[in-house]
Amino acid sequence: MKHFLKQFSLAAGLLTAMVAHAAYPDKPIRLVVPFGAGGGTDVLARLLADRLARSLGVSVIVDNKPGAGGTIGTDSVAKARPDGYTLLMGTNATLALAPGLYRQLPYDPIGDLTPITSFASGPSVLVVNVAVPAQDVPSLISYIKSNPDKLNYGSAGNGSMAHIATGLFNQKANVKTVHIPFKGGAAAMQELVAGRLQFMVAGPVETIPLSDAGKVRALAVTSKTRFAGLPNLPTLAEAGLPGYEIANWFGVFGPKALPDEVVQVLVPKVQQVLEDPTVRDAMLKQGVQPEISSAADFRDFVRSEVVRWTRDVKQMNISLD
């Protein structure tokens, strides 16, 4: 009798586990955005959350947790229960760049998070003030070399994507320019249009309307390949800086030790969202394009990005603490 009860108990436990697994998800999922509402990461997260909720049959709630360059929200997911109900919209800023920028980062991007799948990627755009006598990248480099330490570029702040992207430009082009940080990219762009800055790197959403209006001149994109939303702009590598590559990327993450079963549920659902033409069109308007990958490929990509940018940011001697 005891043997029978033991066997029954084991069978019941197995059945319960199977039912629990089959039921995922059976309650709302929280998608943490480590930046404030209204920004690019937030817009993409809400686009994903809306479609994912329809597909999964549960609410997907976007939870904005800004602060410390996105590290506060990211750390909250790293320390959450690995049950699939707390996810992160991660970015290269919080995962690839942060290890080189912060000496005491509260989380390990590789060891404390589970990369689930990529979601989007997009370039930044190199633009100049219209008074700068440069119609392309080689002429800009030549102009800077003729005026060392006299051209100013702006960014959304020390350690921002624009700061690092321009630092990489300076390295590859072997030029010297002056960095002027602002409290946000919009303020920097205003100064570029006014002529107090000569050039900068910024996202397509900010730069293209101004370029189309003739208020700035777009020269190239920073990504490895041309951007579908700006097919006529060359990459910086094509324009004379071989090896130049920096893109803004976004992906879905969970805490470390996230069960494979949860990953296997989420990956095809996210990919299904990305295959929707209306989603692709909405993403292009935000300056990114869908980025579909397997969980294994995404893990490898994230690991390579962390290694690369930890090294490169330190070489640029940029630090935030």
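Averaging the sequence gap over all C-alpha pairs within less than 8 Å and six or more residues apart, then dividing by the number of residues, gives the chain a relative contact order of 26 percent.
Straight-line cross-link reach from residue 314 at under 20 Å between alpha-carbon atoms covers these aspartates and glutamates, not counting any fewer than eight positions away in the same chain: 108, 245, 305. Which chymotrypsin sites (Phe, Trp or Tyr not before Pro) does region 105-211 hold that lie in a coil by DSSP with at most 16 other beta carbons within 10 Å? Loop-located and lightly packed - none at all. Relative to the longest principal axis of the Cα atoms of the chain, helix 137-146 runs at roughly 60 degrees. Between residue 136 and residue 108, the C-beta separation translates, for a Förster distance of 56 Å, into a calculated FRET efficiency of about 0.85. For region 125-221, lysine pairs with C-alpha atoms less than 19 angstrom apart, excluding pairs fewer than eight positions apart on the same chain, total 4. Once you list every other residue whose beta carbon is under 13 Å from the beta carbon of residue 207, what net charge do they have if Lys and Arg are +1 and Asp and Glu are -1? Charge balance near residue 207 sits at 0.
Relative to one another, the C-alpha centroids of region 103-130 and region 256-321 are positioned 8 Å apart. Taking the chain as a Gaussian network, where each spring joins two C-alpha atoms under 10 Å apart, which residue of 261, 291, 206 fluctuates the most? Comparing 261, 291, 206 in a Gaussian network model of the chain, the most mobile one is 261. Given R₀ = 45 Å, what would the calculated FRET efficiency be for residue 260 paired with residue 315, taking r from the Cβ atoms and rounding to 0.05? So, using R0 = 45 Å, E works out to roughly 0.75.
Using a Gaussian network model of the chain in which every pair of alpha carbons under 10 angstrom is joined by a spring, one finds that among 231, 109, 25 the greatest mean-square fluctuation is at 231. Stokes-Einstein diffusion for region 125-221, with the hydrodynamic radius set to the Kirkwood value over Cα pairs and evaluated at 37 °C in a medium of 0.692 mPa s, equals 254 µm²/s. Over the chain, dividing the summed -39,500 (n - 2.57) contributions of all DSSP H runs of at least 4 residues by the number of residues returns a 222 nm mean residue ellipticity of -13500 deg cm²/dmol. Put a dot 7 Å past the Cα of residue 27, heading toward its Cβ, do the same for residue 292, and the two dots end up 3.3 nm apart. Let me check against my output: what whole-number percent is the relative contact order of region 125-221, with C-alpha pairs under 8 Å and at least 6 apart? Answer for region 125-221 is 45 percent.
Modelled spin labels at residue 58 and residue 190, positioned 7 Å past Cα toward Cβ, are 4.4 nm from each other. Extension gain for the segment residue 245 to residue 278, taken as residue separation times 0.36 nm less the Cα-Cα distance, is 9.1 nm to one decimal. Once Rg and the Kirkwood radius are both taken over the C-alpha atoms of the chain, their ratio Rg/Rh works out to 1.06. The angle between the Cα long axis of helix 40-56 and the main principal axis of the chain comes to about 30°, on a 0 to 90 degree scale.
A DSSP coil position with no more than 16 other Cβ atoms inside 10 Å describes the following trypsin sites (Lys or Arg not before Pro) in region 153-241: 176, 183, 196, 215, 224, 226.
Computed from the coordinates by the stated procedures, all read-outs in this text should not be read as laboratory data. Owing to the predicted nature of the structure, the values given are computational and were not obtained by experimental measurement. So basically every Cβ, Gly included, is an ideal-geometry build from the backbone, and we count neighbours across all protein chains shown.
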